[in-house]
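Taking it in order: structure first as structure tokens, then the write-up.
The values are calculated or read from the model by the stated rules, or taken from the named source; none is laboratory data. Just so it is clear, the structure is predicted and the values come from calculations on it, not from any experiment. Methodologically, a virtual Cβ is constructed for each residue, glycine included, from the backbone with ideal geometry; neighbour enumeration extends over all protein chains shown.
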Amino acid sequence: MTSSSYPAEWSAGRILLVEDEESIRMALQDDLAMEGFQVDAAGDGLDALTRATVTTYDLIILDLMLPRMDGFEVCRRLRAARVTTPVLMLTARTQEIDRVTGLELGADDYVTKPFSRRELLARVRAILRRARPPVEDATQCAFGEVRVDFRKHEATRAGRAVPLTALEFALLRFLYERRDRVVSRTEILEHLWDDAAAVYPRTVDTHLANLRRKLEEDPAVPRWLVGVRGIGYRFAE
């Protein structure tokens, strides 16, 4: 079951969500899909084990208290089968021994219930950042009639200088360096603003509109700085 209706190539990553409580599972699916993730869901441990061993995921969010096979056993069997997909464990258990056991079995992180949406998404992004290859810092980029030197903070379009602000340079560079995937507004805020919590997410839209106006041939129908409805933006090559 996949909650996201967006094409797979637009996904910020593919996640297996394993949670037996339907209300929690559906809420988490919606939250993750809104961030651009492609989400498959399982309601018991045995189904989760089967899915995780035959399908490649970027992350497994794994509840511990599951029917047919608990999360500890799922994690143990995955690691025994040399499945290296990062695992984020969810549980209502708060005892230290449970956290230690999960980490020793090969989990990458551990979140206790109840948790906030913001905390969970931050943990998800942190795990995925660690798992991905390092982003290569771009010093220059060229697309269409645009040429940009990020070190010199210089941009031209059809040979004419384009005045970009420091934030616009940073935003363009951030998207260009991640041009293989969709980047959510939240991720942009957390990387480019010192106090992301105090900035309204739609602020990103305003800055993207300014970039399009300066760099796109037709800002109303952008060729390079593409929006993905309900998720964020991607740099289209």
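List of remarks:
- Every condition in (1) part of a helix (DSSP H, G or I); (2) touching a Cys at 6+ places or on another chain (Cβ under 9 Å) is met by M89 except one, and the failing one is (1).
- Picking from residues in the range 132-168 that are aliphatic (A, V, I, L, M) and under 30 Å from R14 (Cβ atoms), the one that is modelled with the lowest pLDDT is V135.
- Looking only at the range 95-119, and only at residues there that are in a loop (DSSP other than H, G, I, E, B) and over 24 Å from R181 (Cβ atoms), the one that is nearest to the chain's Cα centre (by Cα): S116
- R76 satisfies every condition listed in (1) more than 25 Å from G230 (Cα to Cα); (2) touching a Pro at 6+ places or on another chain (Cβ under 9 Å); (3) not acidic (D, E) except (2).
- Qualifying position, being outside any helix (DSSP H, G or I) and either among the hydrophobic types (A, V, I, L, M, F, W, C) or surrounded by 14 or more Cβ atoms within 10 Å (Cβ to Cβ) (or both), among P219, P201: P219
- Qualifying position, being basic (K, R) and either within 25 Å of the chain's Cα centre (by Cα) or not assigned by TED's automatic domain parsing to the domain that holds I188 (or both), among R147, R151, R125: R125
- Residues within the range 120-163 that are in a strand (DSSP E or B) and of a type in the set (D, E), tallied: 2
- Filter result (more than 20 Å from E35 (Cα to Cα), β-branched (V, I, T) and crowded, with 18+ Cβ neighbours inside 10 Å) within the range 88-135: T91, T101
- Residues of the range 176-198 satisfying the condition of being assigned to a loop (DSSP other than H, G, I, E, B), hydrophobic (A, V, I, L, M, F, W, C) and over 18 Å from T165 (Cα atoms): V182
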